[in-house]
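This structure is in structure tokens; I'll ask about it shortly.
The values are calculated or read from the model by the stated rules, or taken from the named source; none is laboratory data. Every value quoted in this text rests on a predicted model; they were computed, and no experiment measured them. Virtual Cβ from ideal backbone geometry, glycine too; neighbours counted across all protein chains shown. Ligands, DNA and RNA are excluded from the accessible area calculation, which covers all protein heavy atoms including side chains. Shrake-Rupley method; radii C 1.70, N 1.55, O 1.52, S 1.80 Å.
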Amino acid sequence: MLDTIMKTKVFGWVDRRLGLEAIIKSQLTEYPAPKNLNWMWVFGALAMTVLMLQVITGIFLAMYYKPSAMLTDGGFSVAFDSVERIMRDVNFGWLIRYMHAVGASFFFLVVYIHMGRGMYYGSYKEPRELIWIVGVVILLIMQGAAFFGYLLPWGQMSFWGATVITNLFGAIPVLGEYIGQILMGGFSVGDPTLNRFFSLHYLFPLLLVAIVGGHIHALHTVHSNNPDGIDLDQHDPKNVVTFHPYVTMKDAFAVSVFLLFYSYVVFFNPQMGGYFIEVDNYVPANNLQTPAHIAPVWYLTPWYTILRSFEVKLVGIAAMGASLAILFVYPFLDRSKVRSARYRPMYQGMVIMFFIDVIVLGYCGHSAPTETLKLVGQIATAYYFVFFLALPFLPMIEKTRPLPEGV
Amino acid sequence: MNMKSMLLGLVAATSMMVSTQVLASGGDMHLKHAEINVADQEQLLRGLTVFTDVCMGCHSAKYVTYKGLMDYPELGISREMADELRGDKALTSGMTTDLSPEDAKESYGKVPPDLSLIVPGRRGGADYIYSLLTGYTHDPAGKVADGNYNEVFPGHLIAMPDPLSWLDHDEADTADLEKQANDVSAFLAFIGDPHQNERRAIGGYVMGFLLLLALVLFLLKREIWKDVH
């Protein structure tokens, strides 16, 4: 099919002006992918799929959404009313909005698994450090976009979540108060905050698309890692398959399975028991009434626990910043020559513990604080940092298993 | 341990945590189970009657318009009935109460919340509404006046006076009052997300299509990969 198209006159005309054939060959039909990639390698394609779904549904939502905190009858606001209008009166507005709201959670789910894959098989290590670092930038922008987006319905959790997080900046010495005011467009979360968050919520995905381009460019320069984490001769057909049709068909099947899970939630359980769309966000924002329990949406809760684990607010903020910043230096902290956890017995145990640790952090951040949970959260926070800080010393004591010759 | 079994382990651990959390949050409220069916036209219409006769004395459902009552196939009331319900309000107006916020504040100390989103907006949903309506009791401590003590309301002190006259009702009326509470809970659950039946119906077809698509793509993938060893 692709060959037939590439033989047409129109394609030739474009090709002479754009070099399209060279791009198709180098990036698709002759781009090599290790043939031993397992199913964990499909999550990058899934993340791209959700990103596209979010952008498309978001464009349509923005046609009906109105970013205004002006009060309307019954203690609601123009913004809240416009969301309900989308849910009730716009043709299939409920579908578009549930796809977008549920999509946010699925985006993080897929990206967290994608990152876990990279950590487990050592995909962040030499020569792929920049892929990982650009990926961390993507994660930060995603978190920003999700945070801005969560304010838009102007419900109770929108309002109080934004209040808690923007107030954090106030604890930063000297500049804190100023940064907080710039972010909020005033002295508290209000109408100006809603307008600038809407603007930024539209900007961030544009950045995301551009940076994802960089992420993929970096990948296509150094090529994919593989489950054994060994260097492969990318020109030897014994080791590799071409990206198209092999990987594209595998990804297509993965996307269809992903859509099954996604559609189940969208059509049958869009609130996901208050995890994907929180109960309190069906109550309009009220700056005089604080909800009994304020917690961020599940995908931000691990970092929220790290923040809460320290008595002094400033230390908590520094720790939360450090927990994200340390991801940037992760490729350089890990000094082992062996990539995959399959051949690193100690790292394997540590990284699995780390995955469990992040889930524990997330659980603690989502629950109402108790003394026990606080202690559990503190221990989990400690392990989060111990994991990274122990990496430089690991090669001194770790006996790696022998690597296989080929695939 | 390979990545696959590890993932399964993580999923199991997470779902355990989720389920314990759900138990913990529902456990301290002891909600009664509401017998509702948001696709049952008769129950929804009975609920609509309770809503307009009782609730709308003080509460609004501003996102539900009289035209909506005609247009949602689950309700499907006639134009005549809509006209009767709306009085001199516009057909496209929301179902708003005639009680002004100022008068409400004067009488009850606060403005009654809009009920359009009361079911999705409360933990426990329809069960909570049903339990609340049938939850009026005498204050065991004897401090709160009758009609302002509710066993499921957070803090127990509720501004809304017993709307169905549940407190000290005759034994013979129990079934009737429970039915009214169930019916209005069903109606409120329906208007909280009025496209929910349509959503589930379409969802069935979408899942069916995706299952077929996944099957075809799986076979295609296997066919293409069969020479790779």
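One line per residue, one yes/no per condition, for (1) in contact with a Lys or Arg (Cβ under 8 Å, 6 or more places away or on another chain); (2) open to solvent by less than 40 Å² (accessible area, probe 1.4 Å):
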residue: A:Asp334; (1), (2): yes, yes
residue: A:Arg344; (1), (2): yes, yes
residue: A:Met350; (1), (2): no, yes
residue: A:Phe355; (1), (2): no, yes
residue: A:Ser367; (1), (2): no, yes
residue: A:Val386; (1), (2): no, no
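Another question, then. Would you mind listing the helices (runs of 4 or more DSSP H) fully within segment B:63-118 where at least 3 residues are open to solvent by less than 50 Å² (accessible area, probe 1.4 Å)?
Correct list: B:66-71.
Further question: Take A:Gly213 and decide whether it is open to solvent by 20 Å² or more (accessible area, probe 1.4 Å) and under 22 Å from the mean Cα position of the chain (by Cα).
So A:Gly213 fits the description; yes.
Kindly list the number of the only condition in (1) under 16 Å from A:Pro331 (Cβ atoms); (2) open to solvent by 10 Å² or more (accessible area, probe 1.4 Å); (3) outside any helix (DSSP H, G or I) that fails for A:Gly122.
A:Gly122 satisfies every listed condition except (2).
OK, next. When only residues in segment B:119-143 that are buried (at least 16 other Cβ atoms within 10 Å of the Cβ) and among the aliphatic types (A, V, I, L, M) count, which is nearest to the other protein chains (Cβ to nearest Cβ)?
B:Val119
Since A:Ile172 meets every condition but one in (1) closer than 24 Å to A:Leu71 by Cα; (2) open to solvent by less than 60 Å² (accessible area, probe 1.4 Å); (3) β-branched (Val, Ile, Thr), which condition does it not meet?
Single failed check for A:Ile172: (1).
Evaluate segment A:273-291: report whether one residue or more is under 22 Å from the mean Cα position of the chain (by Cα), of a type in the set (Phe, Trp, Tyr) and modelled with pLDDT under 95.
Scanning segment A:273-291 turns up at least one residue that is under 22 Å from the mean Cα position of the chain (by Cα), of a type in the set (Phe, Trp, Tyr) and modelled with pLDDT under 95.
The conditions are (1) closer than 20 Å to B:Gly76 by Cβ; (2) not assigned by TED's automatic domain parsing to the domain that holds B:Gly109, and B:Gly204 fails exactly one of them. Which is it?
So the condition that B:Gly204 fails would be (1).
Let me ask another. Against the definition (assigned by TED's automatic domain parsing to the domain that holds A:Val137, open to solvent by 40 Å² or more (accessible area, probe 1.4 Å), touching a Phe, Trp or Tyr at 6+ places or on another chain (Cβ under 9 Å) and modelled with pLDDT under 95), how does A:His235 come out, yes or no?
no
Of all residues in segment B:193-229 being more than 8 Å from chain A (Cβ to nearest Cβ) and closer than 30 Å to B:Pro163 by Cβ, which is surrounded by the most Cβ atoms within 10 Å (Cβ to Cβ)?
Ranking the candidates gives B:Gln196 first.
All but one of (1) more than 18 Å from A:Tyr121 (Cα to Cα); (2) open to solvent by less than 30 Å² (accessible area, probe 1.4 Å); (3) in contact with a Pro (Cβ under 9 Å, 6 or more places away or on another chain); (4) more than 9 Å from chain B (Cβ to nearest Cβ) hold for A:Phe243, so report the exception by its number.
Result: A:Phe243 fails condition (2) only.
Name every residue in segment A:259-270 that is at the interface with another protein chain (Cβ under 7 Å from one of its Cβ atoms) and open to solvent by less than 60 Å² (accessible area, probe 1.4 Å), in order of residue number.
Correct list: A:Leu259, A:Leu260, A:Ser263, A:Phe267.
Could you go through segment B:163-178 and let me know if any residue there is facing chain A (nearest Cβ under 10 Å) and not in a loop (DSSP other than H, G, I, E, B).
No, segment B:163-178 contains no residue that is facing chain A (nearest Cβ under 10 Å) and not in a loop (DSSP other than H, G, I, E, B).
Please tell me if A:Leu324 is more than 14 Å from chain B (Cβ to nearest Cβ), hydrophobic (A, V, I, L, M, F, W, C) and in contact with a Leu (Cβ under 8 Å, 6 or more places away or on another chain).
Here the answer is yes, as A:Leu324 does meet what is asked.
Does at least one position in segment A:134-149 carry a residue that is within 14 Å of chain B (Cβ to nearest Cβ) and open to solvent by 30 Å² or more (accessible area, probe 1.4 Å)?
No, that holds for no residue.
Go through (1) modelled with pLDDT of 65 or more; (2) assigned to a loop (DSSP other than H, G, I, E, B); (3) among the aliphatic types (A, V, I, L, M) for B:Leu44 and report which single condition fails.
Of the numbered conditions (1) modelled with pLDDT of 65 or more; (2) assigned to a loop (DSSP other than H, G, I, E, B); (3) among the aliphatic types (A, V, I, L, M), the odd one out for B:Leu44 is (2).
Could we say that B:Leu75 is within 14 Å of chain A (Cβ to nearest Cβ), farther than 18 Å from B:Ala189 by Cα and in contact with a helix residue (DSSP H, G or I) (Cβ under 8 Å, 6 or more places away or on another chain) here?
For B:Leu75, the condition - within 14 Å of chain A (Cβ to nearest Cβ), farther than 18 Å from B:Ala189 by Cα and in contact with a helix residue (DSSP H, G or I) (Cβ under 8 Å, 6 or more places away or on another chain) - is not met.
Criterion first (outside the structural domain of A:Leu300 (by TED's automatic domain parsing) and buried (at least 22 other Cβ atoms within 10 Å of the Cβ)) does A:Tyr98 satisfy it?
In short, yes.
Moving on to the next point. Look through segment B:179-192, keep the residues that are away from chain A (no Cβ under 14 Å) and closer than 22 Å to B:Pro113 by Cα, and return whichever of them is most open to solvent (accessible area, probe 1.4 Å).
Applying the filter and picking the extreme gives B:Gln180.
Restricting to helices (runs of 4 or more DSSP H) lying wholly in segment A:1-69: which have 1 or more residues that are surrounded by 19 or more Cβ atoms within 10 Å (Cβ to Cβ) and either charged (D, E, K, R) or modelled with pLDDT of 95 or more (or both)?
Correct list: A:43-62.
Output the residue which, of all residues in segment A:271-291 that are free of Cβ contacts under 8 Å to residues at least 12 places away in the same chain and facing another protein chain (nearest Cβ under 10 Å), is surrounded by the fewest Cβ atoms within 10 Å (Cβ to Cβ).
A:Gly273
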